[in-house]
Amino acid sequence: MRHFLKMAANALALLLVSPLALLCMAEKLLSAGEAFFQLCTHVVAILPGPPGLFLRRAFYCLTLQECSLESHIGFGSLFAHRTAIVEKGVYLGPYCLIGSAHIRSNCFIGSRVSIVSGKNQHARGEDGQWLAADPSRFVQVVIAPNVWVGEGAIIMADVATGSLVAAGAVVSSSLPANAVVAGNPARVVKSLTAAAAAPSGGDERCAE
C-alpha cells in the first residue's frame, strides 16, 4: 500500500510541475541560457514538507540531465545547472547548492554542502579583471557511489567510491576510494575498508 501511495504521489507531483518543466525545456531549446530554469529552482527549493520533497524531485526529474524519483532533495537545496545527474538512493540534506555534478547511487550529502562545477570556472581578462563564469570551463564533478559528505563541505573535484568527506572540508583535487578526508584543502586522514567505507542505503537520518 505504501509503495502504491508513493507512486501516486510521484505521478501527481510530475503532473503539477510539468508546466514549469515544459517552459524550462523551451528555454533550453530556444537559448543557451538558464535564467528561467534557475528561477524555478529557487521556487521549488522553498516548498515545505513532504509535498515540497515530491515536487522538487519531480521538477528535477523532468529538467536535469537525470534525476531519480528514488532520491531525497532537502528543503532549500537547489541545482544551478541542468547538466546535473542524481542517481537512485541519493540523499541531499537541506540548503545544498549543486552545480554541474554527477551524484551516483547511495550517496549521503549533508546540509549546506556545495558541489561546484569544477575549480576553474572564471578566467582573467587581458586587463587583469576577473570575468563572469564561463560555461565552457565547467567540469561535471563526479561523486562516486556510497560516498558520505559531511555538513558544509565544498566539493570542486571528484570523490571516489566509499569515501567520507568530513564536515567543512574543501575538496580541490580528486580523492582516492575508501578514505576519510578532512581539512582545507582536504587531505586523507584515515583509510577505510570497503565494507565500512560508507553508511548503508536507506537511513536518511545519517546525512542530516
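Take the residues of region 93-116 that are without any contact (Cβ under 8 Å) to a residue 40 or more places away in the chain and either buried (at least 19 other Cβ atoms within 10 Å of the Cβ) or among the basic types (Lys, Arg) (or both): which is nearest to Leu64 (Cα to Cα)? Out of the qualifying residues, it is Ile98. Among the residues making up region 26-75, those that are touching a Pro at 6+ places or on another chain (Cβ under 9 Å) and not assigned by TED's automatic domain parsing to the domain that holds Leu5 are Gly74, Phe75.
Counting the residues of region 56-73 that are surrounded by fewer than 23 Cβ atoms within 10 Å (Cβ to Cβ) and closer than 21 Å to Ala153 by Cα gives 2. With respect to the conditions (1) touching a helix residue (DSSP H, G or I) at 6+ places or on another chain (Cβ under 8 Å); (2) assigned by TED's automatic domain parsing to the domain that holds Gly168, Ser18 lacks only one, and its number is (2). Applying the condition of being more than 17 Å from the chain's Cα centre (by Cα) and of a type in the set (S, T, N, Q) to region 114-137 and asking which residue is modelled with the highest pLDDT yields Gln129. Total residues in region 64-87 satisfying the condition of being closer than 20 Å to Val142 by Cβ and either assigned to a loop (DSSP other than H, G, I, E, B) or hydroxyl-bearing (Ser, Thr, Tyr) (or both): the figure is 12. Suppose the filter is assigned to a helix (DSSP H, G or I) and under 30 Å from Ser172 (Cα atoms); does Arg57 pass it? Against the criterion (assigned to a helix (DSSP H, G or I) and under 30 Å from Ser172 (Cα atoms)), Arg57 qualifies. Residues that are assigned to a helix (DSSP H, G or I) and among the small types (Gly, Ala, Ser) were ranked within region 1-41; the one that is farthest from Ala58 (Cα to Cα) is Ala35.
Considering only region 23-41, state which residues are closer than 23 Å to Ser77 by Cβ and either in contact with a helix residue (DSSP H, G or I) (Cβ under 7 Å, 6 or more places away or on another chain) or without any contact (Cβ under 8 Å) to a residue 40 or more places away in the chain (or both).
Of the residues in region 23-41, the ones closer than 23 Å to Ser77 by Cβ are 23-25, 27-28, 33-41.
Selection gives Leu23, Cys24, Met25, Glu27, Gly33, Ala35, Phe36, Phe37, Leu39, Cys40, Thr41.
Just to be sure before I move on: is Ser174 surrounded by fewer than 20 Cβ atoms within 10 Å (Cβ to Cβ), closer than 26 Å to Glu27 by Cα, among the polar types (S, T, N, Q) and out of contact with any helix residue (DSSP H, G or I) (no Cβ under 6 Å at 6 or more places or on another chain) in the structure I sent? Steps first, please.
Working: surrounded by fewer than 20 Cβ atoms within 10 Å (Cβ to Cβ): yes; closer than 26 Å to Glu27 by Cα: no; among the polar types (S, T, N, Q): yes; out of contact with any helix residue (DSSP H, G or I) (no Cβ under 6 Å at 6 or more places or on another chain): yes.
So Ser174 fails the test.
If you check Ala45 against the conditions, is it small (Gly, Ala, Ser), modelled with pLDDT of 95 or more and touching a strand residue (DSSP E or B) at 6+ places or on another chain (Cβ under 6 Å)? The answer is yes for Ala45.
Conditions tested, residue by residue: (1) assigned to a strand (DSSP E or B); (2) in contact with a strand residue (DSSP E or B) (Cβ under 6 Å, 6 or more places away or on another chain); (3) of a type outside the set (Phe, Trp, Tyr); (4) in contact (Cβ under 8 Å) with a residue 24 or more places away in the chain.
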residue: Val139; (1), (2), (3), (4): no, no, yes, yes
residue: Glu151; (1), (2), (3), (4): no, no, yes, yes
residue: Gly162; (1), (2), (3), (4): no, no, yes, yes
residue: Gly168; (1), (2), (3), (4): no, no, yes, no
residue: Ala177; (1), (2), (3), (4): no, no, yes, yes
residue: Val181; (1), (2), (3), (4): yes, yes, yes, no
residue: Pro185; (1), (2), (3), (4): no, yes, yes, no
residue: Lys190; (1), (2), (3), (4): yes, yes, yes, no
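Condition check ((1) over 30 Å from Ala32 (Cα atoms); (2) at pLDDT 95 or above) across all residues:
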{"residue": "Arg112", "(1), (2)": "no, yes"}
{"residue": "Val139", "(1), (2)": "no, no"}
{"residue": "Val165", "(1), (2)": "yes, yes"}
{"residue": "Ala186", "(1), (2)": "yes, no"}
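The values are calculated or read from the model by the stated rules, or taken from the named source; none is laboratory data. Remember, it's a predicted structure, so these values are computed and weren't measured experimentally. Ideal geometry is used to build each Cβ from the backbone, glycine not excepted, and the neighbour counts take in all protein chains shown.
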